[in-house]
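J.: For reference, the structure I am asking about is given below.
The values are calculated or read from the model by the stated rules, or taken from the named source; none is laboratory data. In this text the structure is predicted, and so the values were computed from the model without any measurement. Every residue, glycine among them, receives a Cβ derived from its backbone with ideal geometry; neighbour counts consider all protein chains shown. Each accessible area value is taken on the protein alone, full model and side chains, heavy atoms only, with ligands, DNA and RNA left out. Shrake-Rupley method; radii C 1.70, N 1.55, O 1.52, S 1.80 Å.
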Amino acid sequence: MKLRLAVTALALTAFGFSAFANETSEMREKLMKQAGGAMGTIGAMAKGEKPFDQDAVKTALEAIAETGHKFPDYFGEGTENLGDEASPAIWENMDDFKARSAKLAADAEAQLAQLPADAAGLGAVMGAIGPNCSGCHEKYRLKKQ
Amino acid sequence: MGRFGRALTTLVVIGAVGAGAYLYLTRPQPYTESDFAEAGEPDIKNGEMMFWAGGCVSCHASPDAEGDAQLVLSGGLALKSPFGTFYPPNISPDPDAGIGNWTLAEFASAMKRGVGRNGEHLYPSLPYTSYVHMSDADIRDLFAYMKTLPKSSNVTAEHDLPFPFNIRLALGGWKFLYFNDNPRVVLSDASEAVKRGQYLVEGPGHCGECHTPRDFLGGWKTSEWLAGAPNPEGEGVVPNITPGGAEVGDWSAKDIAYYLESGFTPDFDSVGGSMVEVQRNMAHLTAEDREAIAAYLKAIPAH
């Protein structure tokens with residue numbers, strides 16, 4: 001009887017952990033997809049595939065800033081091995097990782113403070129934000145396929 | 001020391017036993033001065049394009065150099081590999097610390113024959129296994145462009161390699177087995193763009209060095225050309241970039257060219273890992289050359 005209880009308890013803990021792990025991983029992915037989608041909106045206008053729309057640029061930059069602010073919340077102790085594409089190097093350089101995320105938010109906010117008036121200004125926006133993405137992916141993101 | 005270590009030791013031993021034959025078959029074969037006596041006038045602008053296509057900066061600039069400081073080829077990077085740590089040397093035009101006193105034939109010997117200035121075998125961590133495809137004219141132009149770069153007096157560390165990898169003589173055996181200038185894929189009816197892409201990818205761009213899997217002796221599995229490989233730096237993978245690749249398979253040639261230019265995938269994921277530096281170098285090429293690379297990647301066999 002006792003044994004059965006213990007097994008149930010174990011199973012519950014394991015279940016609880018995996019639900020938590022999934023949520024953490026899903027939040028990481030959700031925030032990054034949000035940043036990717038936002039860059040896609042700006043990029044399509046910059047390439048001339050979509051007409052310029054200042055409100056959409058504003059919404060996109062706000063989404064990128066939000067990603068920058070929230071992303072590090074999902075990299076606590078014990079979330080090193082969730083099987084996603086987060087590199088173990090993050091936990092060895094947590095301060096640098098957080099600083100990069102904060103800089104992404106700050107750079108997006110700086111662009112919000114001086115929104116471009118036409119599509120010609122979007123190249124500069126891409127140039128200001130883009131290196132944050134590749135710089136962090138260079139050190140902290142591991143392709144799995 | 002692992003399978004590779006034992007195999008290389010065997011090579012060393014075979015070398016000692018069949019010393020005469022081994023030494024003859026595996027001797028360094030540099031160019032002679034007369035091979036380049038009539039090289040012609042260099043085109044420095046083309047040399048600069050070869051410089052970016054070749055990605056020299058990624059290994060020979062100081063690791064934290066950004067912007068123009070990347071043009072100082074002082075060395076300073078520690079290149080970790082399964083065989084030990086390499087320290088790519090100073091190749092700035094400094095006459096003492098760099099290659100300022102080298103002749104074009106000596107430079108070509110390093111780039112296309114894997115032979116150093118003192119007649120020694122060089123390690124294929126300098127990707128001469130790819131640069132061997134470069135034309136003599138492009139080597140000449142590249143050398144002329146590099147002479148215009150700033151000098152550095154930095155002296156780099158000796159490579160830190162355990163036995164038997166520290167024996168340069170053994171490299172002769174490796175080169176005998178694996179070093180050749182065969183096309184890596186044979187493409188019939190290739191367009192001019194695809195041919196140009198083949199040259200850039202298999203030659204200066206050395207894309208196969210990371211994207212093609214290797215056997216236990218570190219030689220390419222050419223039947224799986226660009227089919228993806230484990231990440232040599234640890235966890236993760238270098239992706240398959242053939243038309244069968246999990247991601248690239250769905251990209252158009254235009255998407256590939258845009259990725260090489262901007263670092264963004266079609267769904268605006270951003271480039272990462274060791275590809276970041278490669279992409280930054282590719283951004284310096286002409287749009288036609290990036291499109292040629294994309295056309296070639298669409299034309300090769302799917303894996």
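J.: Looking for whichever is under 18 Å from the mean Cα position of the chain (by Cα), part of a loop (DSSP other than H, G, I, E, B) and modelled with pLDDT of 95 or more here; the options are B:LEU226, B:LEU217. Which one fits?
T.: B:LEU226
J.: If only one of B:LYS298, B:LYS254 is in a helix (DSSP H, G or I), charged (D, E, K, R), within 11 Å of chain A (Cβ to nearest Cβ) and open to solvent by 20 Å² or more (accessible area, probe 1.4 Å), which one is it?
T.: B:LYS254
J.: Scan the helices (runs of 4 or more DSSP H) fully inside the range A:15-120 and keep the ones with 1 or more residues being exposed (fewer than 15 other Cβ atoms within 10 Å of the Cβ) and under 15 Å from the mean Cα position of the chain (by Cα).
T.: A:54-70, A:94-112
J.: Given the criterion over 24 Å from B:CYS59 (Cα atoms), outside any loop (DSSP other than H, G, I, E, B) and open to solvent by less than 20 Å² (accessible area, probe 1.4 Å), identify the matching residue among B:GLY173, B:GLY245, B:GLY197.
T.: B:GLY173
For (1) within 12 Å of chain B (Cβ to nearest Cβ); (2) more than 23 Å from B:GLY234 (Cα to Cα); (3) of a type outside the set (S, T, N, Q), each residue gets a yes or a no:
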position: A:ASN81; (1), (2), (3): yes, no, no
position: A:PRO88; (1), (2), (3): yes, no, yes
position: A:ASN93; (1), (2), (3): no, no, no
position: A:ALA110; (1), (2), (3): no, yes, yes
position: A:GLN114; (1), (2), (3): no, yes, no
position: A:ALA117; (1), (2), (3): no, yes, yes
position: A:TYR140; (1), (2), (3): yes, no, yes
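J.: Can you tell me which residues in the range B:261-286 are touching a Leu at 6+ places or on another chain (Cβ under 8 Å), in a helix (DSSP H, G or I) and of a type in the set (A, V, I, L, M)?
T.: B:MET282 - this is the single residue of the range B:261-286 that is touching a Leu at 6+ places or on another chain (Cβ under 8 Å), in a helix (DSSP H, G or I) and of a type in the set (A, V, I, L, M).
J.: Same structure, new question: Kindly indicate whether B:GLY273 is in contact with a Lys or Arg (Cβ under 7 Å, 6 or more places away or on another chain) and either of a type in the set (Val, Ile, Thr) or within 9 Å of chain A (Cβ to nearest Cβ) (or both).
T.: Spelling it out, B:GLY273 is indeed in contact with a Lys or Arg (Cβ under 7 Å, 6 or more places away or on another chain) and either of a type in the set (Val, Ile, Thr) or within 9 Å of chain A (Cβ to nearest Cβ) (or both).
J.: State yes or no: is B:SER274 under 21 Å from B:ALA61 (Cα atoms), surrounded by fewer than 21 Cβ atoms within 10 Å (Cβ to Cβ) and polar (S, T, N, Q)?
T.: For B:SER274, the condition - under 21 Å from B:ALA61 (Cα atoms), surrounded by fewer than 21 Cβ atoms within 10 Å (Cβ to Cβ) and polar (S, T, N, Q) - is met.
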